[in-house]
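Visitor: Dropping a structure here in structure tokens format, bear with me for questions.
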Amino acid sequence: MTSAVHRIESALRGLRATRAEVDLDALSGNIRALKSRRPATTTFMAVIKANAYGHGSVPVARAFLDAGATHLAVATVGEGRRLRAHRITAPIMILGSIDPWEADEAVALNIDLAIATHDLYDAVLAAAIEQGKQARIHVKVDTGLKRYGAPPEIATELARRAMNDETIQFVGLFTHFASSDEADPAFTLDQHAKLRKLQDAWAAEGIRPEDVHCCNSGATVWSDFDGMVRPGMIMYGVPPSDDIPLLPSMRPALTLRSRVQRTFVVESGESVGYNRTWFSDRRRQAALIPVGYADGYRRELSSKGWVDISGHRCDVLGRVSMDQIVVGIPDEADVTVGTEVIVMGGDGSSAAPTIEQVARLVGTNPYEILTGITARVPRVYRRGGAVVEIEDLLA
Ligand SMILES: *Cc1c(COP(=O)(O)O)cnc(C)c1O
């Protein structure tokens, strides 16, 4: 046994039963599927903010870069710091706004910044001059999302400054779509037209940023807008909305798994869980699973959610606790302590709910469910079925 395999085997033995398993082959396959859907010239900025949508940023960054992404995107300086600390040297961009006092560190880490105000531009310029290096910026124009982004006039002022300042490397112009995950493309087409108009006006002045980018998951799937794309959710194999289907060969990468920790009988008339919200109408078997809302298993799933145990759908009985749930076991099921549980996720072939189904039960979107899987859930990575890496953020 090689030492790496040995290390993984022993780490697996000591691991908490509840863990998120991430199929790295699915991530690679998903980005390849998207690449084959786009022109060969399309470059990919893989969006791995929020700990790679809960999947774990470092192994996921490596998987996407190996499978053809050239850029990475995060939301905070801390997320970028973590990637750089793990010797990831690819361009990393922070998509949103940072505070001026964060500019120093961002520039020191060689992180591309999204600029939409003169104030942030000033801070980045000062950091670059102070450090004697070039800072990489993308000007963000607002075309209708009305969140972070400059109006076109301000964007143009920023672009002119970037062209003149030698310590600024003017990398990109970009915008972000408000509703590209909806069936009606009208607003997205309008936003894209505004971006093109600005790009053309700049070209007439001789302002040509290296990259012009706009496509999030939805637009990456259905549009043929050119330039670099910035997909997030769909690369994890989860549709961003009901209107955006996965491409045929794509599949979800993450499965939240656990094991039965105890089995017991609930008599007819007995209640289960805090505040006695659920009563049994008959004698039945139940199982304790060590997953709760502090792991990201949402409390809204109380008496609503279900899990897969040995291929059986097992309903959550009563309240979801912080660290545990209780599920009913069908009479015909053979369940003992240690039996494997699929809590949620996977490709829909088990009896467990998909991430989209859980989101619907909770009344939110799949983004919130995936990013809500907390740091105390270890992430286990597989290639070709074998465990290749384990990430325990609390270790
Ligand atoms: C999060 C984000 C994306 C990716 O969005 P998905 O819907 O996950 O594809 C792209 N661009 C920006 C600016 C973002 O904030």
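The values are calculated or read from the model by the stated rules, or taken from the named source; none is laboratory data. Keep in mind it's a predicted model, so treat the numbers as computed, not measured. A quick note on method: Cβ atoms are made from the backbone with ideal geometry, for glycine too, and the neighbour counts reach across all protein chains shown. SASA here: full protein model, heavy atoms, side chains in, ligands and nucleic acids out. Shrake-Rupley method; radii C 1.70, N 1.55, O 1.52, S 1.80 Å.
Visitor: With respect to the numbered conditions (1) open to solvent by less than 30 Å² (accessible area, probe 1.4 Å); (2) closer than 29 Å to Tyr293 by Cα, which one is the sole condition not fulfilled by Arg257?
Guide: (1)
Visitor: Can you tell me which residue is nearest to Pro378 (Cα to Cα) among those in region 294-308 that are crowded, with 17+ Cβ neighbours inside 10 Å and of a type in the set (Asp, Glu)?
Guide: Once the filter is applied, the top-ranked residue is Asp295.
Visitor: Still on this structure, I have one more. Does Phe225 satisfy being closer than 30 Å to Ile137 by Cα, touching a Leu at 6+ places or on another chain (Cβ under 9 Å) and among the aromatic types (Phe, Trp, Tyr)?
Guide: yes
Visitor: Now for a different question. Please pick out the residue among Thr70, Thr89, Thr76 that is open to solvent by 10 Å² or more (accessible area, probe 1.4 Å), modelled with pLDDT of 95 or more and within 15 Å of the ligand (Cβ to nearest atom).
Guide: Thr76
Visitor: Among the residues of region 195-224, how many are within 21 Å of Arg161 (Cβ to Cβ) and assigned to a helix (DSSP H, G or I)?
Guide: Qualifying residue count for the region: 9.
Visitor: Looking at (1) open to solvent by 70 Å² or more (accessible area, probe 1.4 Å); (2) not in a strand (DSSP E or B), can you tell me which one Gln285 breaks?
Guide: Every condition holds for Gln285 apart from (2).
Table: residues versus (1) over 25 Å from Asn365 (Cβ atoms); (2) in contact (Cβ under 8 Å) with a residue 40 or more places away in the chain; (3) of a type in the set (Val, Ile, Thr).
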| site | (1), (2), (3) |
| --- | --- |
| Asn275 | yes, yes, no |
| Arg284 | yes, yes, no |
| Asp295 | no, yes, no |
| Glu300 | no, yes, no |
| His312 | yes, no, no |
| Leu317 | yes, yes, no |
| Ser321 | no, yes, no |
| Ile329 | yes, yes, yes |
| Asp334 | yes, no, no |
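Visitor: Name the pairs whose Cβ atoms lie under 6 Å apart, with the first residue in region 162-180 and in contact (Cβ under 8 Å) with a residue 24 or more places away in the chain, the second within 16 Å of the ligand (Cβ to nearest atom) and of a type in the set (Asp, Glu), and 6 or more positions between them or separate chains?
Guide: These pairs meet every condition: Val171/Asp112; Gly172/Asp211.
Visitor: Still on this structure, please answer the following. Among the basic types (Lys, Arg), surrounded by 15 or more Cβ atoms within 10 Å (Cβ to Cβ), farther than 18 Å from Glu205 by Cβ and at pLDDT 95 or above: does that describe Arg161?
Guide: Judged against the criteria, Arg161 is not a match.
Visitor: Output the residues belonging to region 1-40 that are assigned to a helix (DSSP H, G or I) and more than 23 Å from Asp66 (Cα to Cα).
Guide: Of everything in region 1-40, those that are assigned to a helix (DSSP H, G or I) and more than 23 Å from Asp66 (Cα to Cα) turn out to be Ser3, His6, Arg7, Glu9, Ser10, Ala11, Leu12, Arg13.
Visitor: Only one residue in Arg251, Arg276, Arg262 is away from the ligand (no atom under 16 Å from the Cβ), buried (at least 18 other Cβ atoms within 10 Å of the Cβ) and among the basic types (Lys, Arg). Which one?
Guide: Arg251
Visitor: Identify the single condition in (1) in contact with an Asp or Glu (Cβ under 9 Å, 6 or more places away or on another chain); (2) farther than 23 Å from Cys214 by Cβ that His138 does not satisfy, given that it satisfies every other one.
Guide: With respect to (1) in contact with an Asp or Glu (Cβ under 9 Å, 6 or more places away or on another chain); (2) farther than 23 Å from Cys214 by Cβ, His138 is out only on (2).
Visitor: Another one. Condition first: more than 16 Å from the ligand (Cβ to nearest atom) and open to solvent by 90 Å² or more (accessible area, probe 1.4 Å). Now tell me which residues in region 180-195 satisfy that.
Guide: Asp184
Visitor: Within region 349-369, track down each residue that is small (Gly, Ala, Ser) and either without any contact (Cβ under 8 Å) to a residue 24 or more places away in the chain or over 14 Å from Glu300 (Cα atoms) (or both).
Guide: Passing the criteria: Ser349, Ser350, Ala351, Ala352, Ala359.
Visitor: Any idea which residue in region 228-248 is nearest to the ligand (Cβ to nearest atom), counting only those that are small (Gly, Ala, Ser) and open to solvent by less than 10 Å² (accessible area, probe 1.4 Å)?
Guide: Per the stated criteria, the residue is Gly232.
Visitor: Let me ask you something else. Just to verify a result, which residue in region 196-220, among those that are of a type in the set (S, T, N, Q) and either within 16 Å of the ligand (Cβ to nearest atom) or under 26 Å from the mean Cα position of the chain (by Cα) (or both), is nearest to Thr43 (Cα to Cα)?
Guide: Top of the filtered list is Thr220.
Visitor: Report those helices (runs of 4 or more DSSP H) wholly inside region 48-151 carrying at least 3 residues which are among the aliphatic types (A, V, I, L, M) and within 26 Å of Lys35 (Cβ to Cβ).
Guide: Values: elements: 49-53, 57-66, 77-85, 103-108, 118-131.
It comes to 57-66.
Visitor: Here's a follow-up. Return yes when Leu65 is surrounded by fewer than 20 Cβ atoms within 10 Å (Cβ to Cβ), modelled with pLDDT under 95 and either closer than 20 Å to Ala253 by Cα or in contact with a Pro (Cβ under 9 Å, 6 or more places away or on another chain) (or both) and no when it is not.
Guide: No.
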